[in-house]
Amino acid sequence: MPQRTQYRPPTRVSVMPPVIKNLLILNGLFFLAQFVAAETLARSSMLASVLDLMPLYPPGTAGPDFWPWQLVSYGFLHGSFGHLFFNMFALWMFGVQIENRWGSQRFVFFYFSCVIGAALTHLAFVSAPIPTVGASGGVYGILLAFGMMFPNQPIYIWFLFPIKAKWLVAGFGALELYSAVTGTQAGVANFAHLGGMVIGFLLIQYWRGKLPVQPDRVMRW
């Protein structure tokens, strides 16, 4: 049998690696487009019509149609500036070390796998014809990866209270599961958040050679 080789990530370190930088730019541009379409253009404009096709809609409902590209496009739209800011801040905060460690190609594949996995999980559990937007599914996958790679690194809540990354991730996961089951966070796609974390966990375990299906190159850290 051919011997599996060890994955060797690049060693260059950057405070703004290329995938994260481009994701920040694209999400910012799409939010600007949402603002322009909502505040300065008629709802019948071409820009508004295109943006209306980008949120994630459950298929087979009385609402707007589902299209396959929505599994990705919903992750570039946000419901408010606060929604955009916190998602992008978390993406940068937790993603920089991961992209620097993995390399951009592996990182972008991981991120969009979590975005798509989050969308599919949401569709599996939620059928209300309500548009879903936000990069949170991908961000929660990045958060999970950070907790697995740097479990003992302290994260400062409100820049004051330190907590180890592994406990922060476990707390977020438990909160999302509780909220998804009880429905206590109206308007929040909790199942999408959980889906992003689960897909991220499975993908990392596959890369590490921990699943029955083995990769060509085992990733170690």
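The values are calculated or read from the model by the stated rules, or taken from the named source; none is laboratory data. Computed from a predicted model, the values in this text were never measured in an experiment. Cβ atoms come from the backbone with ideal geometry, glycine included; neighbour counts cover every protein chain shown. SASA here: full protein model, heavy atoms, side chains in, ligands and nucleic acids out. Shrake-Rupley method; radii C 1.70, N 1.55, O 1.52, S 1.80 Å.
Quick one: in region 55-105, of everything that is among the polar types (S, T, N, Q) and under 30 Å from residue 165 (Cβ atoms), which residue is nearest to the chain's Cα centre (by Cα)?
My answer is 87.
Being closer than 26 Å to residue 103 by Cβ and buried (at least 23 other Cβ atoms within 10 Å of the Cβ) is the requirement here; does residue 203 meet it? When the stated conditions are applied, residue 203 does not pass them. The residue of region 109-127 that is modelled with the lowest pLDDT, among those that are under 17 Å from residue 61 (Cβ atoms) and open to solvent by 60 Å² or more (accessible area, probe 1.4 Å), is 127. Within region 152-171, the residues that satisfy the criterion of being open to solvent by less than 50 Å² (accessible area, probe 1.4 Å), touching a strand residue (DSSP E or B) at 6+ places or on another chain (Cβ under 9 Å) and within 23 Å of residue 84 (Cβ to Cβ) are 155, 168.
Selection over region 134-151 of residues that are surrounded by fewer than 22 Cβ atoms within 10 Å (Cβ to Cβ) and assigned to a loop (DSSP other than H, G, I, E, B) gives a count of 2.
Evaluate the following for residue 125: is it aromatic (Phe, Trp, Tyr) and within 21 Å of residue 188 (Cα to Cα)?
yes
You will find that of 196, 171, the residue that is within 11 Å of the chain's Cα centre (by Cα) and part of a helix (DSSP H, G or I) is 196 and no other. Residues that are modelled with pLDDT under 95, hydrophobic (A, V, I, L, M, F, W, C) and within 30 Å of residue 110 (Cβ to Cβ) were ranked within region 59-77; the one that is most open to solvent (accessible area, probe 1.4 Å) is 67. Candidates 56, 29: the one that is among the hydrophobic types (A, V, I, L, M, F, W, C), in contact with a helix residue (DSSP H, G or I) (Cβ under 7 Å, 6 or more places away or on another chain) and surrounded by 11 or more Cβ atoms within 10 Å (Cβ to Cβ) is 56. Any residue that is in contact (Cβ under 8 Å) with a residue 24 or more places away in the chain and in contact with a His (Cβ under 9 Å, 6 or more places away or on another chain) - is there at least one of those in region 152-169? Looking for residues that are in contact (Cβ under 8 Å) with a residue 24 or more places away in the chain and in contact with a His (Cβ under 9 Å, 6 or more places away or on another chain), one finds none in region 152-169, hence no.
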